[in-house]
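The values are calculated or read from the model by the stated rules, or taken from the named source; none is laboratory data. This structure is a prediction, so every number in the text was calculated from the model and none was measured. With ideal geometry, Cβ positions are generated from the backbone for all residues, glycine too; neighbour counts draw on all protein chains shown. Note: areas computed on protein heavy atoms with side chains; ligands, DNA, RNA excluded. Shrake-Rupley method; radii C 1.70, N 1.55, O 1.52, S 1.80 Å.
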Amino acid sequence: MAKEIEKIPENRNFSIIIITHNREKLLMESIQSVLEEINRYDGTCEILVINSSEKTYKFKKPIKEIYTPGVLPASSKRNIGLKAAKNQWLLFMDDDCKINQNALKTTAAYISKKDSEQTAGFYCITRFGEGVRFPLR
């Protein structure tokens with residue numbers, strides 16, 4: 001009996017992990033860009049803010065704050081986000097970055113075309129703080 005091939009869905013669910021430390025204004029701009037992008041996307045997304053700032057925040061869904069007091073390396077904060085993520089696909093951001101328009105749709109389409117078990121990362125253009133564009137891999 002031939003094995004039936006499942007169609008890979010166009011939309012994927014993402015956990016978007018934003019790390020922050022004492023940069024409230026930039027964090028809020030970053031979150032706003034992600035919320036706008038989520039509104040354009042058909043899949044389910046969560047935003048995890050890994051916060052080591054002196055101040056905690058009270059966010060509403062789909063944003064969840066994980067407070068980690070003390071200064072931690074960025075990699076440690078990302079690992080905390082990874083462990084807390086509910087979705088299969090992860091997007092890591094810093095608080096001074098803004099997500100590009102249609103980044104989630106583009107990423108979901110890429111995943112659907114490739115062998116998703118072998119996908120480890122993506123190349124994207126990220127806007128930093130004042131709108132400076134910088135390529136990331």
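Filter the range 55-67 for residues that are modelled with pLDDT under 95 and either closer than 18 Å to Asp94 by Cβ or not charged (D, E, K, R) (or both); which is least open to solvent (accessible area, probe 1.4 Å)?
Of the residues in the range 55-67, the ones modelled with pLDDT under 95 are 55-62.
From the residues that got through so far, the ones that are either closer than 18 Å to Asp94 by Cβ or not charged (D, E, K, R) (or both) too are 55-57, 59, 62.
Working: Lys55: 96, Thr56: 77, Tyr57: 27, Phe59: 54, Pro62: 46 Å².
Residue satisfying both the conditions and the ranking: Tyr57.
Residue count for the range 36-54, restricted to those that are open to solvent by less than 10 Å² (accessible area, probe 1.4 Å) and either out of contact with any His (no Cβ under 6 Å at 6 or more places or on another chain) or part of a strand (DSSP E or B) (or both): 6. Reported count of residues in the range 58-77, each being in contact with a Leu (Cβ under 9 Å, 6 or more places away or on another chain) and in contact (Cβ under 8 Å) with a residue 24 or more places away in the chain, is 2. Looking across the range 85-99 at every residue that is open to solvent by less than 30 Å² (accessible area, probe 1.4 Å) and not charged (D, E, K, R), the one that is farthest from Leu27 (Cα to Cα) is identified as Trp89. Consider the range 3-34 and keep the residues that are basic (Lys, Arg) and more than 25 Å from Lys83 (Cα to Cα). The one that is modelled with the highest pLDDT is Lys25. The single residue among Ile125, Ile80 that is open to solvent by 30 Å² or more (accessible area, probe 1.4 Å) and modelled with pLDDT of 95 or more turns out to be Ile80.
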